[in-house]
Amino acid sequence: MFAVFKTGGKQYRVAAEDVLKVDKVKGEPGEIVEFGEVLVVGGDAVTLGAPTVAGATVAAEVLDQSRGAKIIAFKKRRRKNSRRKRGHRQEFTLLRITEILTDGKKPSKTATPRPKRAPAPAPAAEASADSAAEAASPAGETAAAPHKTQARKTEKPKAKASAGKTKKPPAKAKSPPPKGKKKK
């Protein structure tokens, strides 16, 4: 089931358990808020409002009250020595849709507890398979081929000590030519 409701001059299409940002709405985190201006209710049969669906409401749990990223409004008038810089952060409310109600039903006043996800056993099985492959490989090599740069580093022979050769002193840096008139 889905619904289209209006708040803050904007319309949102939602279904149960959707999370969305809307313009700031009164309510503390964990509180249930209702939106009565429902324009469309859909599912098996679609009900269009004229302009709203009678008796339909959308209930949502307030997750967070926050502010968005800063937007800089910078105005400059050329050659007038006039500049204005102003920052703005729009306030918003993060909601989770709990219920879409029709026929004048009232929403439950408490938020339903979220089921906790169990950790996936797949990473543990992969780790044990990797350790078994390392133990089975000869001389402690890993199952994957070594990277090319690692292979080059290990294959390089050690530099031989120079016999009787002396190192040249580093070359002196040349100074830039003097500024001014050139001599002829």
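Read-outs throughout are calculated quantities, based only on the coordinates presented, and are distinct from any laboratory measurement. As the structure is a computational prediction, the values presented were derived from the model and not from experiment. Positions of Cβ are backbone-derived with ideal geometry, glycine not excepted, and every protein chain shown enters the neighbour counts.
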- Message: Neighbour counts of other C-beta atoms within 10 Å: give me Arg78, Arg67 arranged from fewest to most.
- Response: Arg78, Arg67
- Task: With a cut-off of at most 16 other beta carbons within 10 Å, and DSSP calling the residue loop, which trypsin sites (Lys or Arg not before Pro) in the range 7-36 qualify? Please list them.
- Result: Lys24, Lys26
- Query: Between Lys179 and Thr52, what is the label-to-label distance in nm when each label sits 7 Å out along the Cα-to-Cβ direction?
  - Reply: 7.5 nm
- With label points set 7 Å from each Cα along the Cα-to-Cβ direction at Lys80 and Leu63, the distance between them in nm comes to 4.5 nm
- Message: Set the bar at 22 Å for Cα to Cα. Now go through Lys21/Lys70; Lys21/Lys85; Lys24/Lys109 and name every pair that lies beyond it.
- Response: Lys21/Lys85
